[in-house]
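Below is one structure, written out as structure tokens, with a few remarks after it.
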Amino acid sequence: MQRVHFRTLSTLALAACLAVPAYAQVTVKEAWVRASVPQQMATGAFMQLSSAGGARLVQASTPVAGVVQLHEMAMDGTTMKMREVAEIELPPGKTVELKPGGYHVMLMDLKQTLKEGDTVALTLVVQGKDGKRETIAVKAPVRPLGAPAAAHKP
């Protein structure tokens, strides 16, 4: 009888651990980085982010750039302006597209020329509604300079 009781408790404890969601449950799709030319000091990283329970993208980094910032491009009257933002909101169950002309990850002080076919390692930091942070490793292929925002088909 005691053995069954222990087994039941063990099963319940395991089920409780499995039921705890990952912090922000963020998925990253279609990540890519725009190619650069020699002496170019900045480029952008783009992707689709989704969070099951809602989160915020609060930081990004990569070894190929000395400075990485979250940016937004938006129209101010008839002028397109780019500015750094502290975070990018990821509403629950919705996909947020980081794309040219909108939100994106700005890679500045590039340490090397990024050529089509290269892969850039990015680290994203997201914060869930509970305040806990999650780090996500992303491998983003480099697309040509004129690459459109639409999914790349090799």
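Some notes on this structure:
- Entries in K94/K115; K29/K132; K29/K115; K81/K132 that, when Cα-Cα distance is taken, lie over 26 Å: K94/K115; K81/K132
- Along the axis of the charge dipole computed for the stretch 81-154 (Cβ charges of +1 for Lys and Arg, -1 for Asp and Glu, origin at the Cα centre), the listed residues T95, A121, L110 are led at the positive end by T95.
- Per-pair calculated FRET efficiency, R0 = 30 Å: V125 and V37 via Cβ, rounded to 0.05: 0.55
- All aspartates and glutamates inside 13 Å of K139 as judged from Cα atoms, apart from same-chain residues fewer than 8 positions distant: E30, D118
- The value for the stretch 23-143 of Rg(Cα) / (2.2 N^0.38 Å) is 1.04.
- Between Q48 and D109, the contour length at 0.36 nm per residue exceeds the alpha carbon distance by 19.5 nm.
- Under a model in which nothing but the beta-carbon of Lys, Arg (+1) and Asp, Glu (-1) is charged, the stretch 38-111 shows a dipole of about 100 debye around its Cα centre.
Values quoted throughout were computed directly from the atomic coordinates according to the rules given, and no laboratory measurement underlies them. Fair warning: this is a prediction, and the values are worked out from it, not measured in the lab. Cβ: placed from backbone, ideal geometry, glycine included. Neighbour counts: every protein chain shown.
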